[in-house]
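Asks: I have a structure I would like to understand better, so I am pasting it below and will then ask my questions one at a time.
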Amino acid sequence: MWADGVARRVVLMKSVPEWTTYVTVASILGLIFSGLAVYFRPVGESATYVLKAFGCGFSVGFICILNCYSVYVYIAPGKIIQYESEYEVTFPGPAVGKYSHCEAGLWIEDAHTKRWLQLCTNRTNLYNDRKQGMTKVWVTAHTNKLGSYIINYQFTYD
């Protein structure tokens, strides 16, 4: 759950093979589980026993490796940079869980990765922090070779 919270504020470089890594590691762990199931299979168990073992190994591997790149960006050494960026506010915001959304979403363009990130916010924070004529946002981010972690942002005048 902590890694998922970190991942919501991380923008990865386009060159990071995120899903390829997740599926590869999960498949390898699934093969290890199925190999153990073949070797230690109880007498009379069918091939579905081995397939279930593969599925369990794949699931465990996928859950364990999920968001590893985002955690690396958060933990690994890098530079703290500050930059001015354009922003866009959307209603509703990004998904939180399976059935709910944030009240509002704040899209910020990251200067390091040149990609957009949607942060979760609400109408009250937007009303208190953003005033008429504030067209830019001042962003503080921790960056390294894999991406950026947005530490803080403040609305500013152009």
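The values are calculated or read from the model by the stated rules, or taken from the named source; none is laboratory data. Keep in mind it's a predicted model, so treat the numbers as computed, not measured. All Cβ positions, even for glycine, are placed from backbone atoms using ideal geometry, and neighbour counts span all protein chains on display.
Asks: Would you pick out the residues in region 140-158 that are part of a strand (DSSP E or B) and either touching a helix residue (DSSP H, G or I) at 6+ places or on another chain (Cβ under 8 Å) or farther than 19 Å from PRO94 by Cα (or both)?
Replies: Correct list: THR140, ALA141, HIS142, THR143, ASN144, GLY147, SER148, TYR149, GLN154, PHE155, THR156.
Asks: Okay, moving on. Show the residue pairs that are 6+ apart or on different chains and have beta-carbon atoms under 7 Å apart, the first residue being within region 5-28 and in the same structural domain as ASP110 (by TED's automatic domain parsing) and modelled with pLDDT of 85 or more, the second being crowded, with 16+ Cβ neighbours inside 10 Å and of a type in the set (S, T, N, Q).
Replies: Listed pairs, sorted by first residue: none to list.
Asks: Also, quick follow-up: Give region 35-84 a look and list any residue that's touching a helix residue (DSSP H, G or I) at 6+ places or on another chain (Cβ under 7 Å) and on the phi > 0 side of the Ramachandran plot, or say none.
Replies: Once the filter is applied, which keeps residues that are touching a helix residue (DSSP H, G or I) at 6+ places or on another chain (Cβ under 7 Å) and on the phi > 0 side of the Ramachandran plot, region 35-84 yields only ASN67.
Asks: Another question about this same structure. Can you find, within region 40-88, the residue that is farthest from GLY5 (Cα to Cα) among those that are surrounded by fewer than 14 Cβ atoms within 10 Å (Cβ to Cβ) and β-branched (Val, Ile, Thr)?
Replies: Selected residue: VAL43.
Asks: So PRO92 ticks every box in (1) at pLDDT 90 or above; (2) over 18 Å from the mean Cα position of the chain (by Cα); (3) closer than 28 Å to VAL139 by Cα but one. Which box is left unticked?
Replies: Exception for PRO92: condition (1).
Asks: Which ones in region 140-150 are surrounded by fewer than 16 Cβ atoms within 10 Å (Cβ to Cβ) and within 18 Å of ASN67 (Cβ to Cβ)?
Replies: LYS145
Asks: Restricting to region 116-137, count the residues that are under 24 Å from the mean Cα position of the chain (by Cα), under 14 Å from TYR87 (Cβ atoms) and either assigned by TED's automatic domain parsing to the domain that holds LEU12 or not in a strand (DSSP E or B) (or both).
Replies: 2
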